[in-house]
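Before any comments, here is the structure.
What follows draws every value from the coordinates through simple rules; no lab data is involved. Not measured: the values here are computed from a predicted model.
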Amino acid sequence: MAAANRFPQVESWSVEFTELGKPQPVLPSYKWSSPVENMACSNPACAGGGFAMGPLYAELIASRRTDNGANGESIPCGGSEFAGRKPLGKTCQNRATVKITVTYRPGK
Ligand SMILES: [Zn+2]
């Protein structure tokens with residue numbers, strides 16, 4: 001189920017996503033007005049990685065907070081690096097900073 005439907009008590013979303021790592025130290029940032037759940041990792045050598053934001057939303061809403069901190073939270077990719085099909089034995093070091101701000105519907 002889409003996160004927006006899982007959290008009907010949320011009236012508005014602001015999600016800022018910034019990825020850090022490869023191929024550039026600072027990768028493009030995104031800002032959404034909806035709870036985007038997954039982003040692919042930008043590291044060209046990474047396989048099986050990506051950034052799952054659903055757990056961040058669940059934790060925030062469960063605790064009734066309106067944001068996840070002034071600087072958001074940093075989450076690791078956790079994929080593995082490959083050269084072609086050959087594993088390099090390295091965990092992808094890309095990370096993403098996710099800053100979430102929500103407002104709640106009155107009375108919910
Ligand atoms: Zn990765």
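Before rounding to the nearest 500, sum -39500 (n - 2.57) across all DSSP H runs of length at least 4 in the chain and divide by the residue total; then give [θ] at 222 nm in deg cm²/dmol. Walk me through the intermediate numbers first.
Details: 2 runs with 13 residues, N = 108.
Rounded to the nearest 500, it is -3000 deg cm²/dmol.
For the chain, the relative contact order works out to 33 percent when only alpha carbon pairs closer than 8 Å and six or more residues apart are counted.
Pairs of lysines 8 or more apart, or on different chains, with alpha carbons under 24 Å: count those in the chain, would you? Write out the running numbers ahead of the final one.
Working: 22/31; 22/86; 22/90; 22/99; 31/99; 99/108.
Within the chain, the lysine pair count is 6.
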